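Undergrad: Sending over a structure as structure tokens; questions will come in a sec.
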Amino acid sequence: MADDLAAAVTKALTAVKDPASGRDVVGAGMVQGLVVRDGMVHFALQVPREAAAAMEPVRAAAEAAARAVPGVLSATVVLTAHRAEAAPAARPAAPRGPAGPGPMLLSDVRAIIAVASGKGGVGKSTTAVNLAVALAADGLKVGLLDADIYGPSLPQMLGTRERPRSEGQRITPLSRWGLKAMSIGFLVEEETPMIWRGPMVMGALEQMMGQVAWGPLDVMIVDMPPGTGDAQLTMSQRVPLAGAVIVSTPQDVALLDARRGVRMFEKVNVPVLGLIENMSFFCCPNCGHRSDIFSHGGARREAERLGVEFLGELPLKLEIRELADAGTPIVMARPESDEAQIYRRIARRVWEKAAAKADAAPKIVME
């Protein structure tokens, strides 16, 4: 059924013309990453970077054409840019702020906090979700954005596969555990791989920031993908980040990548609010014996060496993992537990620092 609808959408798009070449957008190879799920259609139009502004009517026409196909409930189209072949191979780093690739997004959010890690598998998403739930439990209006396009985990960790509604050009975020949440995982089938190039990833991320009806928020927690790539650069350029929190396990290889993450945010003028040591130690639930499986204290020492705050440590505990897999964050499911209290202390400290920085509204510094 989805394949038939995708074919019908593709056929409808042949009626939309590229004014530059006179060809239809399908024949011109502009349609990229077409995804159809339960009547919801998403794709990108790849256009030359310098022509992006002039191509907005084409984007709107493509969206209207897709939406008019019988069986399509909603359609969302983003523009992604590529450089012409003649463009120089070397390019300067893009500045952060208004001089970057477009207007700043999420202006109704008081403080935006990126939760990041240098490598995968350190519990970054679990940390991001529990911090967001902790802030919501303290009475704040909280948004949670899953910026990991290739490996979205928010649907699993929030315990919902509900599809967001679309009203005209705006997508309504899902509500769960007192949060407003959005993830590409809510828009595609669970096992659908996102085989997208960098510009398409950035386009999808910008869509989830700019075309989602977030409304006024006190704070938004952004669950970043691991590493220091396109998503990190897009976030630093397109939203006024109040700061970043780096999550790491204590072993040397994770700390090496965490160090890269700290330096990356420093280079794009985003303050690092602190480091969290996850999986800091393991206590046997049967005998209580403690084992430092991944070493211990490495993130604290690294924070001291880098001159950033050490925010706290969390144990490797079966209950945290089980509750995360079940879609019930431990802060919500076991608020009296020691681990929930640690998350809440860290969340309050992060909010204290981020709110102060956001309210101070420092001037953008270009390098």
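Undergrad: Being part of a helix (DSSP H, G or I), out of contact with any helix residue (DSSP H, G or I) (no Cβ under 9 Å at 6 or more places or on another chain), farther than 17 Å from residue 223 by Cα and touching a residue at least 24 places away in the same chain (Cβ under 8 Å), is that true of even one residue in segment 183-200? Before you say what the answer is, go through the steps one by one.
TA: Filtering segment 183-200 down to residues part of a helix (DSSP H, G or I) leaves 184-186, 198-200.
Imposing the further condition that a residue be out of contact with any helix residue (DSSP H, G or I) (no Cβ under 9 Å at 6 or more places or on another chain) reduces the set to 200.
Adding the requirement that they be farther than 17 Å from residue 223 by Cα leaves 200.
Among the residues that remain, those that are also touching a residue at least 24 places away in the same chain (Cβ under 8 Å) are: 200.
So far as segment 183-200 goes, yes, one or more of its residues are part of a helix (DSSP H, G or I), out of contact with any helix residue (DSSP H, G or I) (no Cβ under 9 Å at 6 or more places or on another chain), farther than 17 Å from residue 223 by Cα and touching a residue at least 24 places away in the same chain (Cβ under 8 Å).
Undergrad: Give 336, 352, 302 a once-over and let me know the one that is part of a helix (DSSP H, G or I) and free of Cβ contacts under 8 Å to residues at least 40 places away in the same chain.
TA: On the way: 336 fails: part of a helix (DSSP H, G or I); 302 fails: free of Cβ contacts under 8 Å to residues at least 40 places away in the same chain.
Result of the check over 336, 352, 302: 352.
Undergrad: So which of 72, 58, 16, 36 is over 28 Å from the mean Cα position of the chain (by Cα), more than 17 Å from residue 206 (Cα to Cα) and of a type in the set (Val, Ile, Thr)?
TA: Numbers: 72 fails: over 28 Å from the mean Cα position of the chain (by Cα); 58 fails: over 28 Å from the mean Cα position of the chain (by Cα); 36 fails: over 28 Å from the mean Cα position of the chain (by Cα).
Only one candidate qualifies: 16.
Undergrad: Give the residues of segment 319-336 that are buried (at least 17 other Cβ atoms within 10 Å of the Cβ) and in contact with a helix residue (DSSP H, G or I) (Cβ under 8 Å, 6 or more places away or on another chain), sorted by residue number. Spell out the reasoning first.
TA: Looking only at segment 319-336, we keep the residues that are buried (at least 17 other Cβ atoms within 10 Å of the Cβ), and these are 320, 323-324, 327-333.
Answer for segment 319-336, where residues must be buried (at least 17 other Cβ atoms within 10 Å of the Cβ) and in contact with a helix residue (DSSP H, G or I) (Cβ under 8 Å, 6 or more places away or on another chain): 320, 323, 324, 327, 329, 330, 331, 332, 333.
Undergrad: Let me ask you something else. Any residue in segment 60-75 that is modelled with pLDDT under 90 sitting within a Cβ distance under 6 Å of a residue that is basic (Lys, Arg)? List the pairs, counting only those 6 or more apart or interchain.
TA: 75/67
Undergrad: For segment 3-19, give me each residue that is touching a strand residue (DSSP E or B) at 6+ places or on another chain (Cβ under 8 Å) and surrounded by 14 or more Cβ atoms within 10 Å (Cβ to Cβ).
TA: 5, 6, 9, 10, 13, 14, 16, 17, 18
Undergrad: Answer with yes or no whether residue 297 is over 23 Å from the mean Cα position of the chain (by Cα) and on the phi > 0 side of the Ramachandran plot. Spell out the reasoning first.
TA: Working: over 23 Å from the mean Cα position of the chain (by Cα): yes; on the phi > 0 side of the Ramachandran plot: yes.
The answer is yes for residue 297.
Undergrad: Only one residue in 114, 128 is of a type in the set (A, V, I, L, M), touching a residue at least 60 places away in the same chain (Cβ under 8 Å) and touching an Asp or Glu at 6+ places or on another chain (Cβ under 6 Å), so which one is that?
TA: On the way: 114 fails: touching an Asp or Glu at 6+ places or on another chain (Cβ under 6 Å).
Within the list 114, 128, the selection yields 128.
Undergrad: Right, next: Restricting attention to segment 32-46, and to residues there that are open to solvent by 40 Å² or more (accessible area, probe 1.4 Å) and either of a type in the set (A, V, I, L, M, F, W, C) or part of a loop (DSSP other than H, G, I, E, B) (or both), which single residue is modelled with the highest pLDDT?
TA: Quick first cut of segment 32-46, residues open to solvent by 40 Å² or more (accessible area, probe 1.4 Å) only: 32, 34, 38, 46.
If we keep only those that are either of a type in the set (A, V, I, L, M, F, W, C) or part of a loop (DSSP other than H, G, I, E, B) (or both) as well, we get 34, 38.
Working: 34: 85, 38: 72.
This residue is 34.
Undergrad: Condition first: open to solvent by less than 60 Å² (accessible area, probe 1.4 Å), in a loop (DSSP other than H, G, I, E, B), modelled with pLDDT under 85 and over 24 Å from residue 268 (Cβ atoms). Can you find one or more residues in segment 135-148 that meet it?
TA: No.
Undergrad: For segment 92-102, state whether one or more residues are at pLDDT 90 or above, surrounded by 16 or more Cβ atoms within 10 Å (Cβ to Cβ), touching a helix residue (DSSP H, G or I) at 6+ places or on another chain (Cβ under 7 Å) and among the charged types (D, E, K, R). Can you show your working first?
TA: The initial filter retains those residues of segment 92-102 that are at pLDDT 90 or above, namely none.
Within segment 92-102, not a single residue is at pLDDT 90 or above, surrounded by 16 or more Cβ atoms within 10 Å (Cβ to Cβ), touching a helix residue (DSSP H, G or I) at 6+ places or on another chain (Cβ under 7 Å) and among the charged types (D, E, K, R).
Undergrad: A further question follows. Which condition does residue 316 not pass, out of (1) over 23 Å from the mean Cα position of the chain (by Cα); (2) farther than 23 Å from residue 136 by Cα; (3) open to solvent by 60 Å² or more (accessible area, probe 1.4 Å), if it passes all the others?
TA: (3)
Undergrad: Among the residues of segment 115-124, count how many are in contact with a Leu (Cβ under 9 Å, 6 or more places away or on another chain), at pLDDT below 95 and either of a type in the set (S, T, N, Q) or surrounded by 24 or more Cβ atoms within 10 Å (Cβ to Cβ) (or both). Talk me through it step by step, then tell me what you get.
TA: Residues of segment 115-124 that are in contact with a Leu (Cβ under 9 Å, 6 or more places away or on another chain), as a first pass: 115, 118-119, 123.
Within this subset, residues satisfying the condition of being at pLDDT below 95 are 118-119, 123.
Checking which are either of a type in the set (S, T, N, Q) or surrounded by 24 or more Cβ atoms within 10 Å (Cβ to Cβ) (or both) leaves us with 118.
Number satisfying all stated conditions: 1.
Undergrad: Given (1) modelled with pLDDT under 90; (2) assigned to a loop (DSSP other than H, G, I, E, B); (3) touching a strand residue (DSSP E or B) at 6+ places or on another chain (Cβ under 9 Å), identify the lone condition not met by residue 106.
TA: (1)
Undergrad: Okay, moving on. Using the structure shown, decide if residue 151 is open to solvent by 50 Å² or more (accessible area, probe 1.4 Å) and of a type outside the set (Lys, Arg).
TA: On the way: open to solvent by 50 Å² or more (accessible area, probe 1.4 Å): no; of a type outside the set (Lys, Arg): yes.
So residue 151 fails the test.
Undergrad: Considering every residue within segment 302-313, establish whether at least one is open to solvent by less than 70 Å² (accessible area, probe 1.4 Å), within 26 Å of the chain's Cα centre (by Cα) and under 14 Å from residue 134 (Cβ atoms).
TA: Yes, there is a match, as at least one residue in segment 302-313 is open to solvent by less than 70 Å² (accessible area, probe 1.4 Å), within 26 Å of the chain's Cα centre (by Cα) and under 14 Å from residue 134 (Cβ atoms).
Undergrad: Consider only pairs whose beta carbons are under 9 Å apart and that are at least six residues apart or on different chains; among these, list those whose first residue lies in segment 1-23 and is closer than 18 Å to residue 57 by Cα and whose second residue is open to solvent by less than 60 Å² (accessible area, probe 1.4 Å) and of a type in the set (Asp, Glu).
TA: Within 9 Å, the pairs are 13/24; 14/24; 15/24; 16/24; 17/24; 18/24.
The values are calculated or read from the model by the stated rules, or taken from the named source; none is laboratory data. Please read all numbers here as calculations on a predicted model, not as lab measurements. Note that we place each Cβ from the backbone using ideal geometry, even for glycine, and neighbour counts take in every protein chain shown. The area values use the complete protein model at the heavy-atom level, side chains included, leaving out ligands, DNA and RNA. Shrake-Rupley method; radii C 1.70, N 1.55, O 1.52, S 1.80 Å.
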